[in-house]
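Novice: Mind having a look at this structure? Questions to follow.
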Amino acid sequence: MGTIHILWLRQLKRYFRSKARLIGSFGQPLLFLIALGFGFGPIYQKAGGGSYIQFVVPGIIAMGVLFTSMSSGIEIIWDRQFGFLKETLVAPVSRLEIMIGRTLGGATVAIIQGVTIFLISFLAGFRLTNFFGVPLALLFMLLISLLFTALGTAIASVMEDMHGFQLIMNFLVMPLFFLSGALFPLQNLPKTLTLVARFDPLSYGVDGLRGALGVGYHFGFIQDFLILVVVSSLLLVIGSYLFSKIQI
């Protein structure tokens, strides 16, 4: 447990020490929140959808958690290139503990990102209609962050090139985000998009956040929760296995 705690704290310290990363990590979510929230708001309201800010904020929170979680995999490649990972792996502790510590650290950073975006959204006009849903929203943030931190770790464990990881990350992250229903309702979509959205794990995270924050569920709480738990567990197992096979 000591190793897990040390690696968890190291992830947090690395995040808060980098002011450029700390400030830059909010740039894209804020751009989406302001540009889309106020740009599409009148159109969405005229179409009978109500407040677009209320609808899109859970999706923007999920986006912030997704991007931060996936980018944690870059640190594995960075540590490998500069020798820190070798020092960590030769220590007399199991690689499973190392992987758990890194995953929990990355997930915690992602949750901090999500909570910060949630607080900032009130300045954009978002209103919380269900205060009792906040703990549930934090639970869904945790599940999203664990899922995609494990995915980022799994990808980074089999790669040595940081640029290659960024290309794969962009190839995965943007479709996962745009096809999750974060920016548009999943009702009455073409059958192809509906099918794709059902296979996108982020769809259930976005839907869970919307339901928890009082906007309403599409799939339902039980389905959202179970699918996120199952996929997160599967990716944690895969990520742990691939991390244990890293050659130093």
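Novice: State the three equivalent ellipsoid semi-axes of the range 104-218, derived from the C-alpha gyration tensor as the square roots of 5 times its eigenvalues, in descending order and whole Å.
Specialist: They are 26, 20, 12 Å, listed largest first.
Novice: Okay, next question. When ranked by the protection proxy of mean other Cβ atoms within 10 Å per residue, highest first, what sequence do the peptides 141-148, 101-108, 121-128 form?
Specialist: 141-148, 101-108, 121-128
Novice: Quick check on the exposure proxy: order 177, 171 from fewest to most C-beta atoms within 10 angstrom.
Specialist: Fewest-to-most Cβ neighbours within 10 Å comes out as 171, 177.
Computed from the coordinates by the stated procedures, all read-outs in this text should not be read as laboratory data. Just so it is clear, the structure is predicted and the values come from calculations on it, not from any experiment. FYI the Cβ positions are ideal-geometry reconstructions off the backbone, even for glycines, and counts take in every protein chain you see.
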